[in-house]
Structure formats: C-alpha cells, structure tokens
Amino acid sequence: MPQELPPHLLRGVCPLDQFQFNDTSELEPLDAVIGQQRAVQAIDFGLNMKSQGYNIFVTGDAGTGKSSIVRDIVLQYAARLPAPDDWCMVNNFEDEYCPKAMRVPSGKATAFSKSIHRLIEDIQAEIPRTFDSKLVQEQLADIRNSFTDQQKSLIDNVDVFAEPRHIRISRDESGYQALPLMDGKPIGSDEFDLLPLEKRSEIEGNIQKVQTELETALREVNRFNQIVDEREDAFMKTTAEKLLDEKLAPFLETYSEFEDILSFIYALKADVVENLDSFLSPFSSENGETVDRNEERRARDAFFRRYRVNVLVTQKQDKGAPVICESNPTYPNVIGRIERRAYMGAVTTDFTLVQAGSLLKASGGYLLMEIEPLLQNPFIWEALKRSLQNQYLAIEDIPSDPGYQSVSLRPEQIPLDVKVILMGDYELFESLQNYDSIFNKIFRVRADFDDEAPLNPDTILQYARFIARVCRDEALLPFTPDAVAAVIEDSSSAVEDRTRLSLRFGPTVGLLKEADYWANQNHSPRVTGQYVMQALKEYRFRYNLYEEKVHESYMDGSVLMDIENSVVGQVNGLAVYQIGEISFGRPSRITAETYLGKSGVVNIERETNLSGNTYDKGVLILSGYLGRTFARLHPLSLTISIAFEQNYGVIDGDSASSAELYAVISSLSDVPVFQGIAVTGSVNQKGEVQAIGGVNEKIEGFYDLCSARGLTGRHGVMIPASNVRNLMLKQEVVEAARKGEFHIYPVSTICEGIEILTGAPAGVADNDGRYPDATIYGRVQHKLEFFLKRALKFDGLVERRISDGFVKCSQARRANPEE
C-alpha cells in the first residue's frame, strides 16, 4: 500500500540562506528578461532581418509582460538607427484629384511647410507691387504702343480709300462701320430708301468695297494686337519668373538632393506663372461680377490652398527610428484618412485634408499592435496585408455607407519600410497560419513567450532583482529576504509547480504593491514576509464571498457530504470552481450503482446534458478498464449507473474518472469506501492514474471542510503520483500533515488507490485470470459471474417463453384458419 507524502514534499520552500542582502534596495535592479530566451532571440532575429516578409508575431498568455518587454527591446534597437525622412502631401497641379507624396529631410517637414506658406504670402504681395512699379508699367506701355502707329495707319488708309466713294469709317462700342455720305452727312435709312435704284446700287457697291478694305485692315490690326498680347504675356511671365527665381533660389540650393522637393518647386513656379491673374486681380464670381469681401477672402483662400504643404509625418528627434504603439488599430488610425470640408451644403476635399495613420508614422521604424482588435475590422486587416506585401501605402477612403457617394482623392502611393510586430494568443496565430495564405508570407517570425521558467539559483536572484526594479520604478518600500521568498513561493503556486516560477508578472506586480500598502499601513520601513502573506490573505478575502457561500452549504447540510463513515458505491471526488481570478476546490459526492442488465455504463450527467466531452470520454474509459480487467474469461453483463449527486450545472474534465471507477468497484465488490479520503485523478484503460490540474485547490478545499468539521487524524486526499511536483499547499495544510491530522496519498494505479480507500488488497490475477476470493477484485469477479449466470438463465427463460408463444399462435391459426 502506498505511503503518505512527508510534509516537506507538500510545499516548495524558497531557502533564505541564498539571499546575501538585507533588503532589495541593496540589489541592482534587473535590466534583463527572465526566462524568455527563446522569445528574445526570435525578436532579435526578426529585428535584424532586413528581407521582406520578416515581420514578427508575438504569442503568449496575458500578464507575461510581452507587450512591455517587446516595447523595451524595440526601443533599444530603434535608438541605434537613423531617423527616417519626413513625408508630405502636395498638390498635383496637373490633376488635383491625384495629389503627390513628397519626401522631405528628417525633421524638416514642418519648417518646409511654413517656409512655403510664407513664400506664397510674399509672392502675393510682391507680384502686384512689381507689376505696379513705374519701370514695369513703362515697359508694358511700350509693348502696348509698339504697333499703335501701324494700326492707325491701316485705318487711315481705309479712310483715304473710302473718302472719294463718299463713305465714312465710324467706330463705336460694337466696332467699325462703313457709313454712306451725302453732302458730307450720313444718309439715314429712310432717306436711303427714297434714292433712285441706280444710286442705291452705287452706294451699296462702294460700301462693299470699303468693307472689304476695312476687314483686311482689321485683320492686320488684330494680328498686331495678338503680337502685343503675346509680347505682354511673355514680358509678364519673364518678369514673374525673374521674381520667382530670386524667391525660390534658397529652396533649390537647400534641397538640391531631394528630387521630390525640386519637382514640387518647379511645378509651383510654373503654376504661379500660369495663374498670374489670380495674383494681380480681385476674385470674381462665376458670372464675372466682383464678390463681397468675405466671399473674396474665401475664394482666395480656396485658390491659394493649392500651394500649401500638408505635413503627413515629421520626425521629432534627429536620431532613432520611430516606434509606434497603436492601441486602437482602426482603419483611419492605421492606414490614414481623407477628411472632408463642408460649406453651404456642399462637401469637398483636397490634399490638405489627407491624414497619415500609424503605418506611415512608423515607416523607417516599428509598429506594435494587438492582433485581436485588428481582426475585428476586415478592411484594416486586408489593407495592412496589402501594404506589407507591396511595400507601398495607399491612403484611400472606405465608405461606411454603401450608398454614400462623394468625389474623393487618389493620393499617390507612398513607399513603405516598416517592421510590424503583432501580439496575440496562440489560437489566433494558429488560425491565421491555417486559413490566411498571405499571413505566412508577411509574418515569418514567431516569438513565443513562455508563462513559466525553471526555479534555480539564477532565476531566484533574477526574481529578487526584478522585485528591486519594481520597487524603484513604483517607489515601493524595499523587500526583505523573507518577503522575496514569499513572493517567489506564490509565483510557484501560480504555476502549480514547485520546480518552476511564474512569468506572469502582472499579478506579481500587483502583489508587490499590495504588500507595500500593508507595510505602510503599519508604518514599517520595509516589506517583510508577513505583509506579503497579509496581502495574499486580504486579496482572497475581497474575492471569496462565493467560496464562503459554497462552504456554508456544506456546513449547514444543504449539500450532503459524509467524511466520517464507510459507504458502498460512494466516493468523495474533488472539483475546482473558477470565479474570475479566484479558484477553489470543494468535494462532490459520486455514487455508482451496479445491477443486472446489458446497458453497460450509464452516465446520468450525459443523459441529462450536464456533461462536457472530456467528462464523457473519462466515463467511457471505465468500460475499457472493466473489460480489460474482468472480461477476459466471460463477457460483462451488467448496467452501471454513475452520478454526481446534487450537481445542477454542466461539468467537464476527466479528473473524477478514477473516483468514479473506485465507486463502481466498491459497488461490485460490496466493500465500503472510507469517506474521509477524497479522490482526484484521471485514469486510462490500463488502470494508470494520470495527472490532473488544480491539485492544490482540491486538497485545500477538502481540508477546509474537514478542518471546519473537526480533524480526526484519518482525513486526507488521494492524488496521482505524477502530481506530487505540483504541490504548493498553504502552510496550514502542511502543518496539519506534520501533526498527523491530514494525509496526502500519491497513487499510480487504481489497485493502489482501492487498497487505500477500503483497507483491503485489490488482488493479483493468476495465469488463468482468476483473482483470489478474499481480494477486492476477487469479489468483483464473483459478482460479475453471478450477473452473467442470472442473465443467461433469464435469457433462456425468455427464449422458452417466446418459443411457447410461437407454438400456441400456430396451433390457434390451425384451429381457426379464417382468423
């Protein structure tokens, strides 16, 4: 029969003699990562890999500190890199609906934008002043008067040609006209109609000749006017270009190596020259009328907005690549947006309303995001993949309403050089790997954060230095060695393994802060072990109201639980309740009834839809074990009914399968099971007891009940031997075990367990498969043989009755053929 565990194996203890300090203020705060060598190495590989597609996906449980660790590593790496260039959006003077992206030297975008704005304001004032100058006006007058004599001569020649023909050339607002004369005076229409036909024909002929000469002369005049206009335009453009060359020379010199800026400067110059009238004349409405001042100001602002520089991204520091942590990865926040401007019921947009997202802000550096909120919006996920795959960013609209139509922009795509680091759990990573073909091409590096690390002198010292770092960063009181040991022991309890430490630092930091609070409440200069224990106790008290209510139901008899007697077919199993961060164990009565029949194992929970798949699997394994153990000589012919008594909710897991099997064996052997020993552990078809989770909560839950009712020295819990390393029981249980008031029994097989529960040997089969009569399994074998004989006898009786029924029926038919 297995022996109970000695007290020193019930809880891992952190020895104080390995701490060579009085408190953590004497330690160097930790600046490294504990137990995450695999993840750190993967991140380092991904950051240094420059090839396309080597973005990083970080997996790990919440609370392992992966976000802060990744951020710290990336910040350290980015600080060694040069700052990338800035990006701006400028007008495309050839197509305003396709604005251009412009690269600007790092940190210079804002200054460049302001200098261009001042330049345009200067040009707005300088151009009118230049063209209003006396010198320019005289030069314009010379150009305009250069063909005046020729034009006058042409008209004079027409007058000379018309005079002998009694025709006068008259000019009014509508142009030149040929008027007939009589006695030196123009002839009216009425007077003309009274003239003889021959006279009228003569006058009309003269008019036609003069008109022909006039049209020829006017064509020459218009040709001269066109030459004047061309010369005037050329002069004005030349004058404006000289002015602009003077104004733009500093820009061309400063940004001579940046083709984007040079192209923009040349395009701006050409557009200003092309639109000189807008710099010289007041703005008018569409019908040509001069508008009021407010409208003119709005029109001028709208026109001169074309020369602005929209800063998309500018670097704040001269050194270091950007590291952007996007906490709200919506489409506009990541990809960017095109805003709109409303005026008098109309909605418009332009390149100045293009806004960059975090993807462009992180270009040349690193972008950190959580994957779960990212996947909640399919538009952003697809756009992100497309951008990373093409290495270009397209800032486009995503209409929220399918019926919404608006004229929008198609900005030029921007080259993208960014390393994206996504963080999420393993399930999402696995789903993306299996179902998203693009994902594997752009996220080639996986950094997996562990939630536990080996417990050894190195990690213990690192943990102490980690506590020193938290004390420094959070301004906490220093921790004494026994306080550090208490924190480390709680960390091992969190992973249910006394040979390992938890790497979920979130709860640990919370414990440090709460222990500091209780130390301050007691005016202690340092945090000792007692304040750590008080913090743990107070934390549990705040959250364990439901636990206490459940405990009360056991104490007042609402839940039936026998822990003193021995009962046939009844075993106290153990279950774990999870309420948020708090978990606790409590016993559950498991009963089994065996009787003649052919139904096999009947799982009442399954029949009532109160069980999960894992629980059902555990129950079905019982049939395999019973068949393997007792059905080698003859088949089983019985029905087994198994139930969790007073269970009204869904249960799952196979940790009660060994307890159910003990109840079945007790029922078949008619040997009672002592109820003061609770049982946990799953079982396989070969009768081996397997490890389960929550072993500490289960033991402590049963101990609490036994302690409340009074320990007799016979109470205890039977656990799988493979769970011994997981024991981190509270000190109260360890002390009870040391006094012999409570016992922990490790078992490896069902045979070992049944002997502890009944006090009788299980039995070993001989070569013929027979078990000794005085053993548990021998009694089971006799019971099964009895069931088989009764079943065969019953089957024979039924067959005879059925045969007799057929005979009687045949005789009746022969006697009454008509029926």
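The values are calculated or read from the model by the stated rules, or taken from the named source; none is laboratory data. All of these numbers come straight from a predicted model, not from anything done at the bench. When we count neighbours, we look across all protein chains shown, and the Cβ atoms used for this are built from the backbone with ideal geometry, even at glycine. Side chains included, ligands, DNA and RNA excluded: accessible areas come from the protein's heavy atoms. Shrake-Rupley method; radii C 1.70, N 1.55, O 1.52, S 1.80 Å.
Please go through region 530-572 and pick out each residue that is within 44 Å of the chain's Cα centre (by Cα), at pLDDT 95 or above, open to solvent by less than 50 Å² (accessible area, probe 1.4 Å) and not aromatic (Phe, Trp, Tyr). Within region 530-572, Val532, Ala535 qualify.
Figure legend. Inter-residue proximity from region 229-246: first residues touching a residue at least 60 places away in the same chain (Cβ under 8 Å), second residues of a type outside the set (Ser, Thr, Tyr) and open to solvent by 40 Å² or more (accessible area, probe 1.4 Å), beta-carbon distance below 6 Å, spacing 6+ or different chains. Indicated pairs: Leu244/Lys269.
Scanning region 649-670 for residues that are out of contact with any Leu (no Cβ under 8 Å at 6 or more places or on another chain), surrounded by fewer than 21 Cβ atoms within 10 Å (Cβ to Cβ) and farther than 14 Å from Gly569 by Cα yields Asp652, Gly653.
From the list Glu605, Glu660, the one residue that fits, being more than 28 Å from Pro2 (Cβ to Cβ) and not aliphatic (A, V, I, L, M), is Glu605. Among strands (runs of 3 or more DSSP E) entirely within region 308-426, having at least 2 residues that are out of contact with any Gly (no Cβ under 7 Å at 6 or more places or on another chain) singles out 309-313, 323-326, 336-338, 341-343, 346-348, 366-370, 419-424. Taking every residue in region 49-71 that is within 19 Å of Leu428 (Cβ to Cβ) and without any contact (Cβ under 8 Å) to a residue 12 or more places away in the chain and pairing it with any residue that is surrounded by 15 or more Cβ atoms within 10 Å (Cβ to Cβ) and not charged (D, E, K, R), at least 6 positions away or on another chain, yields no pair with a Cβ-Cβ distance below 7 Å. Filtered by the rule that a residue be open to solvent by 30 Å² or more (accessible area, probe 1.4 Å) and modelled with pLDDT of 90 or more, region 296-313 gives Arg305, Arg306, Arg308, Val311. When region 622-643 is filtered for residues that are in contact with a helix residue (DSSP H, G or I) (Cβ under 6 Å, 6 or more places away or on another chain) and within 23 Å of Glu755 (Cα to Cα), the ones remaining, listed by number, are Leu622, Phe630, Ile640, Ile642, Ala643. Selection within region 427-444: residues that are of a type in the set (Ser, Thr, Tyr) and assigned to a helix (DSSP H, G or I). The member of this set that is nearest to Glu94 (Cα to Cα) is Tyr435.
Being surrounded by fewer than 17 Cβ atoms within 10 Å (Cβ to Cβ) and under 18 Å from the mean Cα position of the chain (by Cα) is a description that applies to Asn440. Taking each residue of region 3-31 that is farther than 24 Å from Val495 by Cα and looking for partners that are surrounded by 11 or more Cβ atoms within 10 Å (Cβ to Cβ) and of a type in the set (D, E, K, R) with beta-carbon atoms closer than 7 Å, six or more apart or interchain, yields Asp23/Arg526; Leu27/Arg465; Glu28/Arg465; Pro29/Arg465; Pro29/Arg469; Pro29/Arg472.
The set of residues from region 695-745 being in contact with a strand residue (DSSP E or B) (Cβ under 9 Å, 6 or more places away or on another chain), open to solvent by 10 Å² or more (accessible area, probe 1.4 Å) and outside any helix (DSSP H, G or I) comprises Gly713, Arg714, His743, Tyr745.
Of all residues in region 671-694, those that are open to solvent by less than 10 Å² (accessible area, probe 1.4 Å) and touching a Lys or Arg at 6+ places or on another chain (Cβ under 7 Å) total 2.
Scanning region 538-562 for residues being more than 17 Å from Lys730 (Cα to Cα) and part of a loop (DSSP other than H, G, I, E, B) gives a total of 7. Just one of the numbered conditions (1) within 30 Å of Val550 (Cβ to Cβ); (2) open to solvent by less than 70 Å² (accessible area, probe 1.4 Å) is not true of Glu607: (2). With respect to the stated conditions, Ile203 fails to be assigned to a helix (DSSP H, G or I), surrounded by 11 or more Cβ atoms within 10 Å (Cβ to Cβ) and modelled with pLDDT of 85 or more.
Looking across region 746-769, the residues that are touching a Leu at 6+ places or on another chain (Cβ under 8 Å) and either buried (at least 20 other Cβ atoms within 10 Å of the Cβ) or among the basic types (Lys, Arg) (or both) come down to Pro746, Ile750.
Within region 618-639, none of the residues are touching a Gly at 6+ places or on another chain (Cβ under 6 Å), within 19 Å of Arg589 (Cβ to Cβ), modelled with pLDDT under 95 and assigned to a helix (DSSP H, G or I).
Can you say whether Ala791 is modelled with pLDDT under 90, under 22 Å from Ser669 (Cα atoms) and crowded, with 17+ Cβ neighbours inside 10 Å, as far as the supplied structure shows? Criteria met by Ala791. When region 579-600 is filtered for residues that are crowded, with 21+ Cβ neighbours inside 10 Å and of a type outside the set (D, E, K, R), the ones remaining, listed by number, are Phe584, Gly585, Pro587, Ile590, Ala592, Thr594.
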